[in-house]
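**Student:** Following this message is one structure expressed as structure tokens.
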């Protein structure tokens, strides 16, 4: 509402001084979420770590001291030192360089597999929650069957059937993520679709597809974002476990789980070969979990001041 000043005697409008306004600028939803998120020091620490990992992964070719498979047999099993900060492996390869190059693989696996689950599971969950009835029953019973099988066992069985390589690993872990997103998006859509603005869109003649894409999913986005962030960490662990068993990335790819598997037989004499890839997995998953918890708290209206 515009602010107007009038002369008490003549009733004429007077110019509004520049120092007089209509109040403070209204915060957007993003501003409120960011304000709440910044208050959480652990979440901010996780975000800083994720940004650092992203820059390392993107610039791995420039950041890493050596190539991902540069072998120097003359310096096999070199302990952490000035020559090799994190030591070398049984082929004389620099562990730090392989972890840096492996960050690109592990982060890519996390984002791609989560995207598979988000797109397919999100679509199925939105259809089930919006339409209900027989479609809901059919879709969710399939999801229940998948969830009845332990996630890691399901991924092992699927990647074994498809063949042990990185592409099939991402497919298996991505399919394993579908039910998680389907269930959470279904519940979010069911709570959103009864709102008045959805009824108004129907009354205006909008198609069901338009309502789902334009109104339902955007307003159910908060739990989707939190679940996706937390799920990335889970998929990195599952993918590392599959690679540890030899069902994922194959040598010489420096995937962290494969590096862990390669170093386990030398654990007594060359502990650094398995320790540092494991530490990389731990801190990466921790960062995603911290950010996911921070987003959950920031997007929860009950926690806003």
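**Student:** Can you tell me which residues in the stretch 243-256 are part of a helix (DSSP H, G or I) and either over 13 Å from residue 110 (Cα atoms) or free of Cβ contacts under 8 Å to residues at least 60 places away in the same chain (or both)?
**Tutor:** The answer is 243, 244.
**Student:** Report, by residue number, each residue of the stretch 267-285 that is assigned to a helix (DSSP H, G or I) and touching a residue at least 40 places away in the same chain (Cβ under 8 Å).
**Tutor:** Within the stretch 267-285, 272, 273, 276, 277, 280, 281, 283, 284, 285 qualify.
**Student:** Only one residue in 162, 166 is buried (at least 17 other Cβ atoms within 10 Å of the Cβ), over 26 Å from residue 194 (Cβ atoms) and modelled with pLDDT under 90, so which one is that?
**Tutor:** 166
**Student:** For residues that are over 24 Å from the mean Cα position of the chain (by Cα) and either under 16 Å from residue 109 (Cα atoms) or buried (at least 18 other Cβ atoms within 10 Å of the Cβ) (or both), tally how many sit in the stretch 210-242.
**Tutor:** 1
**Student:** Inside the stretch 63-82, can you point out the residues that are under 25 Å from the mean Cα position of the chain (by Cα) and not in a loop (DSSP other than H, G, I, E, B)?
**Tutor:** Hit for the stretch 63-82 is 63, nothing else.
**Student:** Further question: Select, from 187, 191, 207, 177, the only residue that is within 21 Å of the chain's Cα centre (by Cα) and either more than 26 Å from residue 293 (Cα to Cα) or surrounded by fewer than 19 Cβ atoms within 10 Å (Cβ to Cβ) (or both).
**Tutor:** 187
**Student:** Of the residues that make up the stretch 28-39, is at least one in contact with a helix residue (DSSP H, G or I) (Cβ under 7 Å, 6 or more places away or on another chain) and at pLDDT 90 or above?
**Tutor:** No, that holds for no residue.
**Student:** Residue check: is residue 171 at pLDDT below 85 and part of a helix (DSSP H, G or I)?
**Tutor:** no
**Student:** As an exercise: evaluate residue 79 against (1) surrounded by fewer than 20 Cβ atoms within 10 Å (Cβ to Cβ); (2) touching a strand residue (DSSP E or B) at 6+ places or on another chain (Cβ under 8 Å) and give the number of the one condition it does not meet.
**Tutor:** Just one mismatch for residue 79, condition (2).
**Student:** Let me ask another. Without any contact (Cβ under 8 Å) to a residue 60 or more places away in the chain and not in a helix (DSSP H, G or I), is that true of residue 199?
**Tutor:** Considered against the rule, which asks whether it is without any contact (Cβ under 8 Å) to a residue 60 or more places away in the chain and not in a helix (DSSP H, G or I), residue 199 comes out as no.
**Student:** Inspect all residues belonging to the stretch 251-260 and state whether any of them is surrounded by fewer than 17 Cβ atoms within 10 Å (Cβ to Cβ), over 20 Å from residue 164 (Cα atoms) and touching a helix residue (DSSP H, G or I) at 6+ places or on another chain (Cβ under 9 Å).
**Tutor:** So far as the stretch 251-260 goes, no, none of its residues is surrounded by fewer than 17 Cβ atoms within 10 Å (Cβ to Cβ), over 20 Å from residue 164 (Cα atoms) and touching a helix residue (DSSP H, G or I) at 6+ places or on another chain (Cβ under 9 Å).
The values are calculated or read from the model by the stated rules, or taken from the named source; none is laboratory data. Nothing here was measured: the structure is a model prediction, and the numbers come from that model. Here the Cβ is made from the backbone with ideal geometry for all residues, glycine too, and neighbour counts use every protein chain on show.
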